[in-house]
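> Mind having a look at this structure? Questions to follow.
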Amino acid sequence: MWPLLVDKAFEVTENRFISGITYLLKVKAPELKDAPAGSFAMIRTTLENQYDPMMRRAFAIADVQGDEILFFYDVYGRGTQVLTHIKKGEKVNILAPLGKNFFPENHSHYILVGGGIGFAGLSLFMKKLKEEGKPFKAIYGVRRKEQLSMLDWIKENGFEDDVIIYTEDGSYGEKGLVTKDLENLINENPGSALAVCGPKGMMKAVMEVARKNKTPAYLSLESKMACGFGICIGCVIKDTEKNNYVRVCYEGPVFDGYKIEF
């Protein structure tokens with residue numbers, strides 16, 4: 001059954017710097033324990049009794065651990081910078097779980113491809129596949145070692161043998177881009193489908209490999225959002241099959257990579 005949409009203030013149990021520009025936020029939210037893999041939350045980043053920034057920020061639900069929900073976030077602008085100042089025991093307002101279309105579960109094998117903070121958009125799906133015994137392999141790519149903000153999460157959850165790590169400068173794992181051995185991995189696992197989340201350039205490169213090998217590919221898109229549930233029409237993307245525009249927050253965030261233009 002689809003979990004009910006919740007909009008309330010949740011207690012922060014942890015909010016700390018990890019590495020690079022990435023922080024980990026944990027909140028006690030038993031109401032969200034059934035959040036689907038691939039769903040996201042809109043978090044109000046303002047401090048108590050303040051209104052700047054006014055709009056919420058979108059974050060992937062990276063993991064559910066008992067009654068705690070995990071978010072990994074990069075600090076780029078004022079909203080995420082303010083979020084770093086929220087302390088354990090304080091509360092943060094969250095609207096979740098959001099989204100409509102998620103990664104399909106009818107394929108015989110999955111290859112998950114995450115770039116940078118985009119890996120947090122795949123982690124809950126990866127955990128679900130593991131729990132259900134479905135075969136998969138994951139690729140985690142960053143520019144340099146200090147950007148591997150989810151490395152501890154991978155180890156703590158026993159995914160070391162399931163994840164291939166790539167750094168562009170060779171400072172950790174394999175040297176190269178996430179597409180370096182992707183074609184070989186597809187050929188070694190017939191019937192695979194790709195689940196992808198990360199920077200736009202990375203997803204375009206992955207789609208080139210997918211098209212060459214006629215491999216199903218599903219992209220979890222990142223976008224700036226004001227509302228998170230389809231009202232503001234601020235996160236649209238071209239649907240080439242319908243020749244129309246669809247909303248990342250509502251019709252997505254996961255789309256068939258062959259049917260969108262980005």
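The values are calculated or read from the model by the stated rules, or taken from the named source; none is laboratory data. Computed from a predicted model, the values in this text were never measured in an experiment. Note that each Cβ is placed from the backbone with ideal geometry, even for glycine, and that neighbours are counted across all protein chains shown. Side chains included, ligands, DNA and RNA excluded: accessible areas come from the protein's heavy atoms. Shrake-Rupley method; radii C 1.70, N 1.55, O 1.52, S 1.80 Å.
> Among (1) open to solvent by 10 Å² or more (accessible area, probe 1.4 Å); (2) at pLDDT 95 or above, there is one condition Ile231 misses while meeting the rest; what is its number?
Just one mismatch for Ile231, condition (2).
> Let me ask something else about it. Mind checking whether some residue in segment 139-148 is open to solvent by less than 20 Å² (accessible area, probe 1.4 Å) and of a type in the set (Gly, Ala, Ser)? I'd like the intermediate steps shown before the answer.
Taking segment 139-148 first, the residues open to solvent by less than 20 Å² (accessible area, probe 1.4 Å) are 139-142, 148.
Restricting the remaining residues to those that are of a type in the set (Gly, Ala, Ser) gives 141.
Taking every residue of segment 139-148 in turn, at least one turns out to be open to solvent by less than 20 Å² (accessible area, probe 1.4 Å) and of a type in the set (Gly, Ala, Ser).
> Within segment 75-84, is there a residue that is within 19 Å of the chain's Cα centre (by Cα), open to solvent by less than 10 Å² (accessible area, probe 1.4 Å) and under 21 Å from Phe17 (Cβ atoms)?
Scanning segment 75-84 turns up at least one residue that is within 19 Å of the chain's Cα centre (by Cα), open to solvent by less than 10 Å² (accessible area, probe 1.4 Å) and under 21 Å from Phe17 (Cβ atoms).
> Report, by residue number, each residue of segment 59-69 that is open to solvent by less than 10 Å² (accessible area, probe 1.4 Å) and under 18 Å from Gln147 (Cβ atoms). Steps first, please.
Within segment 59-69, the first condition is being open to solvent by less than 10 Å² (accessible area, probe 1.4 Å), and the residues that meet it are 61-63, 69.
Across segment 59-69, the qualifying residue is only Ala62.
> Could you identify the single residue in Lys242, Lys212, Lys204, Lys238 that is assigned to a loop (DSSP other than H, G, I, E, B), basic (Lys, Arg) and open to solvent by 40 Å² or more (accessible area, probe 1.4 Å)? Reasoning before the result, please.
Values: Lys212 fails: assigned to a loop (DSSP other than H, G, I, E, B); Lys204 fails: assigned to a loop (DSSP other than H, G, I, E, B); Lys238 fails: assigned to a loop (DSSP other than H, G, I, E, B).
Being assigned to a loop (DSSP other than H, G, I, E, B), basic (Lys, Arg) and open to solvent by 40 Å² or more (accessible area, probe 1.4 Å) holds for just one of Lys242, Lys212, Lys204, Lys238, which is Lys242.
> Could I ask something else about it? Would you check if there is a residue in segment 127-134 being buried (at least 20 other Cβ atoms within 10 Å of the Cβ) and free of Cβ contacts under 8 Å to residues at least 60 places away in the same chain?
yes
> Which one of these is at pLDDT 95 or above, closer than 26 Å to Arg247 by Cβ and not in a loop (DSSP other than H, G, I, E, B): Phe17, Phe10?
Working: Phe17 fails: closer than 26 Å to Arg247 by Cβ.
One residue alone meets the criteria, Phe10.
> OK, next. Is it true that some residue in segment 166-186 is open to solvent by less than 10 Å² (accessible area, probe 1.4 Å), within 24 Å of Phe17 (Cα to Cα) and modelled with pLDDT of 95 or more?
yes
> On to the next question. List every residue pair whose Cβ atoms lie under 7 Å apart, where the two residues are 6 or more positions apart in sequence or sit on different chains, the first residue falls within segment 136-160 and is charged (D, E, K, R), and the second residue, located anywhere, is in a helix (DSSP H, G or I) and modelled with pLDDT of 95 or more.
Lys137/Leu185; Glu160/Ile154
> Out of (1) surrounded by 20 or more Cβ atoms within 10 Å (Cβ to Cβ); (2) part of a helix (DSSP H, G or I), what's the single condition that is false for Ala195?
So the condition that Ala195 fails would be (2).
> Out of curiosity, is Lys155 within 21 Å of Thr22 (Cβ to Cβ) and in a loop (DSSP other than H, G, I, E, B)?
For Lys155, the condition - within 21 Å of Thr22 (Cβ to Cβ) and in a loop (DSSP other than H, G, I, E, B) - is not met.
> Within segment 250-258, can one find any residue that is farther than 28 Å from Gly20 by Cβ, outside any strand (DSSP E or B), open to solvent by 50 Å² or more (accessible area, probe 1.4 Å) and without any contact (Cβ under 8 Å) to a residue 12 or more places away in the chain?
no
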